[in-house]
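A short write-up of the structure that comes next.
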Amino acid sequence: MTKVLAMQAIRDAVHQVVGEEWAQEMVVDDDTSLSGGLELDSIEIARVIEIMLKRFPAVDFESWFAQMTMERIAGLTVGDIAGFIASSHPELAA
């Protein structure tokens, strides 16, 4: 899985959670944080994470997130998550 493809999957998940109209106005890049940049609340963050768990079942998000506080998870950037996905399973690269 390349980081670019992972970033697109995250963007798609964010759009799914917040709705297409509002999401179209958002800039989602490497430095965009879930809570600060995207202004997602904890329920919306959990929904994005749930979508990522389903989309990438081979990626061990549970262990990664288990090491973090909710504040740290909320502060993750899209680039952090995409990088983790890409580095977790390079054999998934298309």
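The values are calculated or read from the model by the stated rules, or taken from the named source; none is laboratory data. All values reported here derive from a predicted model rather than from experimental measurement. Note that each Cβ is placed from the backbone with ideal geometry, even for glycine, and that neighbours are counted across all protein chains shown.
Check region 67-88 and report whether any residue there is touching a Ser or Thr at 6+ places or on another chain (Cβ under 7 Å), modelled with pLDDT of 90 or more and not in a helix (DSSP H, G or I).
yes
Identify, please: which residue in region 32-55 is hydrophobic (A, V, I, L, M, F, W, C) and more than 13 Å from T77 (Cα to Cα) and is, among those, farthest from the chain's Cα centre (by Cα)? Lay out the reasoning, then the answer.
We begin by selecting, within region 32-55, every residue hydrophobic (A, V, I, L, M, F, W, C); these are 34, 38, 40, 43, 45-46, 48-49, 51-53.
With more than 13 Å from T77 (Cα to Cα) added as a condition, the list becomes 43, 46, 51-53.
Values: I43: 14, A46: 10, I51: 9, M52: 7, L53: 10 Å.
Of everything passing the filter in region 32-55, I43 is farthest from the chain's Cα centre (by Cα).
How many of the residues in region 1-31 are aliphatic (A, V, I, L, M), loosely packed, with under 14 Cβ neighbours inside 10 Å and at pLDDT 85 or above? Write out each step before concluding.
From region 1-31, those aliphatic (A, V, I, L, M) are 1, 4-7, 9-10, 13-14, 17-18, 23, 26-28; that's our starting set.
Now restrict to residues that are loosely packed, with under 14 Cβ neighbours inside 10 Å: 4, 27.
This time we only want the ones that are at pLDDT 85 or above, so: 4.
Counting residues in region 1-31 that are aliphatic (A, V, I, L, M), loosely packed, with under 14 Cβ neighbours inside 10 Å and at pLDDT 85 or above gives 1.
Can you list residue pairs whose Cβ atoms sit under 6 Å apart, with the first residue in region 25-47 being in contact (Cβ under 8 Å) with a residue 12 or more places away in the chain and the second being charged (D, E, K, R) and in a loop (DSSP other than H, G, I, E, B)? Count only pairs 6 or more apart in sequence or on different chains.
Cβ pairs passing all conditions: none.
Results for (1) in contact with a helix residue (DSSP H, G or I) (Cβ under 9 Å, 6 or more places away or on another chain); (2) outside any loop (DSSP other than H, G, I, E, B); (3) of a type in the set (A, V, I, L, M), shown as yes or no for each residue.
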site: V4; (1), (2), (3): yes, yes, yes
site: V17; (1), (2), (3): yes, yes, yes
site: M26; (1), (2), (3): yes, no, yes
site: G37; (1), (2), (3): yes, no, no
site: E44; (1), (2), (3): yes, yes, no
site: V48; (1), (2), (3): yes, yes, yes
site: K54; (1), (2), (3): no, yes, no
site: E62; (1), (2), (3): yes, yes, no
